[in-house]
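The values are calculated or read from the model by the stated rules, or taken from the named source; none is laboratory data. Since the structure is predicted, the reported quantities are computational estimates derived from the model, not experimental observations. Note that each Cβ is placed from the backbone with ideal geometry, even for glycine, and that neighbours are counted across all protein chains shown. Ligands, DNA and RNA are excluded from the accessible area calculation, which covers all protein heavy atoms including side chains. Shrake-Rupley method; radii C 1.70, N 1.55, O 1.52, S 1.80 Å.
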Protein chains: 8
Amino acid sequence: MGSQSDYPIMKDCEKILKILKIKYQVLIVSAHRTPKRMFQFAESAEKNGFGVVIAGAGGAAHLAGMIASLTTLPVLGVPMETKKLKGLDSLLSMAQMPKGVPIGCLAIDGAFNAGLLAASIIGNFDHKIKSNLEKWRRLQTQSIKKKPK
Amino acid sequence: MGSQSDYPIMKDCEKILKILKIKYQVLIVSAHRTPKRMFQFAESAEKNGFGVVIAGAGGAAHLAGMIASLTTLPVLGVPMETKKLKGLDSLLSMAQMPKGVPIGCLAIDGAFNAGLLAASIIGNFDHKIKSNLEKWRRLQTQSIKKKPK
Amino acid sequence: MGSQSDYPIMKDCEKILKILKIKYQVLIVSAHRTPKRMFQFAESAEKNGFGVVIAGAGGAAHLAGMIASLTTLPVLGVPMETKKLKGLDSLLSMAQMPKGVPIGCLAIDGAFNAGLLAASIIGNFDHKIKSNLEKWRRLQTQSIKKKPK
Amino acid sequence: MGSQSDYPIMKDCEKILKILKIKYQVLIVSAHRTPKRMFQFAESAEKNGFGVVIAGAGGAAHLAGMIASLTTLPVLGVPMETKKLKGLDSLLSMAQMPKGVPIGCLAIDGAFNAGLLAASIIGNFDHKIKSNLEKWRRLQTQSIKKKPK
Amino acid sequence: MGSQSDYPIMKDCEKILKILKIKYQVLIVSAHRTPKRMFQFAESAEKNGFGVVIAGAGGAAHLAGMIASLTTLPVLGVPMETKKLKGLDSLLSMAQMPKGVPIGCLAIDGAFNAGLLAASIIGNFDHKIKSNLEKWRRLQTQSIKKKPK
Amino acid sequence: MGSQSDYPIMKDCEKILKILKIKYQVLIVSAHRTPKRMFQFAESAEKNGFGVVIAGAGGAAHLAGMIASLTTLPVLGVPMETKKLKGLDSLLSMAQMPKGVPIGCLAIDGAFNAGLLAASIIGNFDHKIKSNLEKWRRLQTQSIKKKPK
Amino acid sequence: MGSQSDYPIMKDCEKILKILKIKYQVLIVSAHRTPKRMFQFAESAEKNGFGVVIAGAGGAAHLAGMIASLTTLPVLGVPMETKKLKGLDSLLSMAQMPKGVPIGCLAIDGAFNAGLLAASIIGNFDHKIKSNLEKWRRLQTQSIKKKPK
Amino acid sequence: MGSQSDYPIMKDCEKILKILKIKYQVLIVSAHRTPKRMFQFAESAEKNGFGVVIAGAGGAAHLAGMIASLTTLPVLGVPMETKKLKGLDSLLSMAQMPKGVPIGCLAIDGAFNAGLLAASIIGNFDHKIKSNLEKWRRLQTQSIKKKPK
């Protein structure tokens, strides 16, 4: 994530990763304020055993796109809500990546779903995670009551 | 894709999948006009050997989200440009998925990048595809001239 | 409605349906989290005696459109306000349906008006409802004071 | 419709009404330029045998809402594309009706779907129209090819 | 104004009209809920001695435009802030009037400025109002401190 | 108007002013490129016999607002369509004037309506113009055919 | 800045200017309410020793653009958040300046960054400021923790 | 600039730089496709004698912001028009930079103005450029005709 202030939202991601028993690391890496840290992180992510990178940032949100420019791992972007434009700026800064360097963009503040999508991606080759995800999805479906109260 | 008219854009996806030697199938599956076909496709996609689903649709673009509701495969959405609102409607209809059912959203008309992101996802467990992707990315970087003409 | 959290708004709909003495059923049916429930509901709605379906959902709001894809009953959509984009996402996800599968879209959080429009539709063949609606509209007009206080 | 210039789009509505054998009348009634004609039309629409009113208008599109203020018939609005704002102005001018006077809003330029929704509404009490609509929807579904060309 | 709930904002208008000693009348006239009252008001406004009409309304804000369709008095519109779309809907519903029937649109919630603009219009033929306006403008300019505190 | 390139649209204004026999002067006055000319124009407009100022400008459209800051004549603004943002930028730059300095904003490219609104304003004290305007409005209403062709 | 109410945000600018030891003057200059003060300020800014002008204003924010029209000093604009449109109006009113008169636009409420950009500009010829800025940027980078808490 | 396709617009910048006799270099540096070239360029720009960096990019436009993260030179951003969202995405991706790393954002496709603003910045310490800029601005003002043709 780009800053400490993104953590309250990105914790949603941690929550589902824990539930699904996916190993993860939480780091603050700012494209703008720590560009070299970002470069080092992105260039060594694969070597360091990451399978998916989830990047949350807001406003002129360049983090996910810049990481994607430096790795061929799948990169998922979480556009963070912003105080003024409500995350529309973050969403367009992430979703509208140019041809050649993709990121998969989630909803504004969609940190929880980023974890779920990472699970889908990892589930392609890790049957344990796949089965955890399937179980969680089944439980989710069952938890939806038929009538409101 | 949701309709024949999406094909000119979705061909960009085919192009990169071919270059990277990823096996794929191209189908027209409309969430609204062929909902049962969509259900059957989504429910059997994994069993039928799909590793990633890429769904392109426009306007009130429900295809990617509905497929994601019926499978735990990673689903990538390509919001198609629309004549009136230029794809802003498609983008919001895809990106703003509710908690619990994620899709990875690409740029408006970002079919080419959807193929690249699928390659990243598959590259996690298929070294041949990984290496094809890395090679393509290197060539892309080299192809960018230093000065415009 | 798509989730329990939509109920505070959808209660406005209940309120006018009760006033106009229209029989109704309130159900939670999520296009994304309970897609099969949604299918079964939509496919059997007519057989089960529904004359109009009112679907409230927010964000990438696919519920109304998916129900409309599975029935020829009139389907009315209520785009729910969302925390980030204030319901603009919901509105575009509902209003911009593709050619061939219509929904009648109300205002953001327009649950009350959805009930009134349902009454208009039912009033076409049920004179009691028609007369209740006409009476309610007259009373509404009379209740508007000439000067503010 | 509000003006002669809306006719090329509103013809889509005529087309489906003809296919479904729904009787209709096509009139130019401008809320702004012929307000009295609009009043007379709206106030006498029910008496004149209309079951549904479909109003297409663009920009500050007041036609559908004003008709709805003067009748308890179901009123469907078609926000027309505008040259500058692409119909976003028309959409908001129609969809965002205040509590108490509803219209069912279609997509921008969604005249065809307005006809289909009118058929759903009329189908509630006219079995011939209902069956024409069901047949048309079945044919539509069958016409969607499985693969693009 | 269209409803009692618009009064807290429209009071700003009253305030400046009082300061400038312009005679005025405050009425609730809803285009949608009291269309006949609106017609009668608009058609008789000139005869009743009005020189300018200021109409405040929100959402699908048709009041100003409909009054303008029924009188040749200058009509000023105040698009009211709305809870969901912050008045963007009101602004487009007012500003984007079709060719042939103009309104002069103020800022969202710009009721105070509507009073000032009315004063400019009336000042064209009423020297007392003109001089009150000029004085108020001078005082306004003088009241702006050179440095913030 | 702010530039020669605005003239094709502002000619619509000339057209109706001629029809209604309102005397006018057409000037290019750019807030940004000729700020002193703008100052001189605005400060002397009243003395020079102007009764209403109509200012057309596009993008960051400051012309109408700046003229309004320098005169107590009624100022009408025509936000011009822009190539990129279609005039949404012009509209917001004009409509959203701060408290204390009003302009009456027309539709994007609404030059014709600006002329009509000026006629309404002038009609308050010039009976000849008033009667020309009323006649034009009557003819407009009569010219709207009942059925499209 | 355009008004006293802008000061809470513009103080962020003061803060960084003080840290970087850049001499500055804080003035209230409203384009609309004190146009002559604005003219005098802008025309004499260079003579009075200013090297950069930072203008913060909101809504139809004309201040930065008008100052830029009257000086060849670099002018930076800070679009202020507005209550209704969240500063989108301010941003477009500042950023979309016409060809020939530039301003450098910061983020909505980006007063702090305006100070930093001014430091970059001044740093081009003032080595002390340059070195203060470089030091501040290094400290900023170092202050970003590696992990959130 | 980020790609060859930006050159037709960025040529506007070259044009004014030539007129004002400012030395410049034109390079293609893509944040996403050539991230290392971007890093090297940005880190050595000052050492290589640049006084201002002008970065033009479109869509999720990260180039200007990333360069600003790696240098303390003033960085100006030109958000390029995009086919779908008309440059609104580019504008928000550039303007909404986070606190700590500023760029000065020009209008969409505002390459010409970027050159003029660079001239203002350089003019602070280079009297020749200053005087060229002042002369150009004077000529611009004189070139604006008083009446359109």
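Things worth noting here:
- 1.4 Å probe, heavy atoms, protein only - residues of the stretch D:108-128 losing at least 10 Å² accessible area vs chain alone: D:I108, D:D109, D:F112, D:N113, D:L116, D:L117, D:S120, D:I121, D:N124, D:F125
- Rg over Rh for the protein assembly as shown works out to 0.97, both radii taken from alpha-carbon positions and Rh defined as the Kirkwood radius.
- For chain E, the Kirkwood estimate of the hydrodynamic radius, built from every pair of different alpha carbons, is 15.8 Å.
- Within chain G: Cβ-based charge dipole about Cα centre, in debye rounded to nearest 20 (Lys, Arg +1; Asp, Glu -1): 740 debye
- 3J(HN,Hα) along the stretch D:118-130: 4, 5, 4, 5, 5, x, 4, 10, 10, 5, 5, 5, 3 Hz, from the Karplus curve 6.51 cos²θ - 1.76 cosθ + 1.60 with θ = phi - 60°, whole Hz, x for Gly and Pro.
- A straight Cα-to-Cα reach below 18 Å connects H:K15 with the aspartates and glutamates H:D6, H:D109, H:E134, residues fewer than 8 places away in its own chain not being considered.
- Ordering D:H62, D:S93, D:P79 by the projection of their Cα atoms onto the charge dipole of chain D, which places +1 on the Cβ of Lys and Arg and -1 on the Cβ of Asp and Glu, puts D:P79 at the extreme positive end.
- Within 10 Å of the Cβ of each residue in E:77-84, the mean number of Cβ atoms contributed by other protein chains is 5.
- Of all the options H:T71, H:T34, H:T82, the one that moves most in a Gaussian network model of chain H with Cα springs shorter than 10 angstrom is H:T34.
- In range of the label at D:F125: residues from the stretch C:38-77 whose backbone nitrogen is under 16 Å from the point 7 Å along Cα→Cβ: C:51-52, C:74
- Of all chain F residues, the closest to the F-onto-B rotation axis by Cβ, with that distance in whole Å, is F:K86, 5.
- Entries in A:K36/G:K99; G:K11/H:K99; A:K149/C:K23; B:K147/H:K36; E:K23/E:K47; E:K11/E:K130 that, when Cα-Cα distance is taken, lie over 25 Å: A:K36/G:K99
- Convex hull volume per residue, computed on the Cα atoms of the stretch G:9-50, equals 63 Å³.
- With all protein chains in place and a 1.4 Å probe, the accessible surface of the stretch B:1-100 carries 53 percent carbon and sulfur.
- Over the residues of chain D, the helix contribution to mean residue ellipticity at 222 nm works out to -14000 deg cm²/dmol, using -39500 (n - 2.57) for each DSSP H run of at least 4.
- The long axis of helix G:35-44 is offset from the longest Cα principal axis of chain G by roughly 60 degrees.
- Backbone N atoms of the stretch H:34-64 closer than 20 Å to the 7 Å Cα→Cβ label point of B:E134 belong to residues H:34-37.
- P(r) weight above 17 Å for the stretch G:100-149, C-alpha pairs, percent: 51 percent
- Rolling a 1.4 Å probe over the protein heavy atoms gives chain H an accessible area of 36 Å² per residue.
- Cα-based Rg of the stretch G:1-81 normalised by 2.2 N^0.38 Å, two decimals: 1.02
- Residue of E:P35, E:P74, E:P102 that the Gaussian network model of chain E assigns the largest fluctuation, springs spanning Cα pairs under 10 Å: E:P35
- Rounded to the nearest Hz, the phi-derived 3J(HN,Hα) couplings of the stretch D:47-58 under the Karplus curve 6.51 cos²θ - 1.76 cosθ + 1.60 (θ = phi - 60°) are 4, 7, x, 5, x, 9, 10, 10, 10, x, 7, x, where x marks glycine and proline.
- Accessible surface buried upon B-D contact (total; probe 1.4 Å; Å², nearest 100): 1300 Å²
- Of H:Q40, H:Q96, H:Q25, the residue with the greatest mean-square motion in the GNM of chain H, using alpha carbon springs below 10 Å, is H:Q25.
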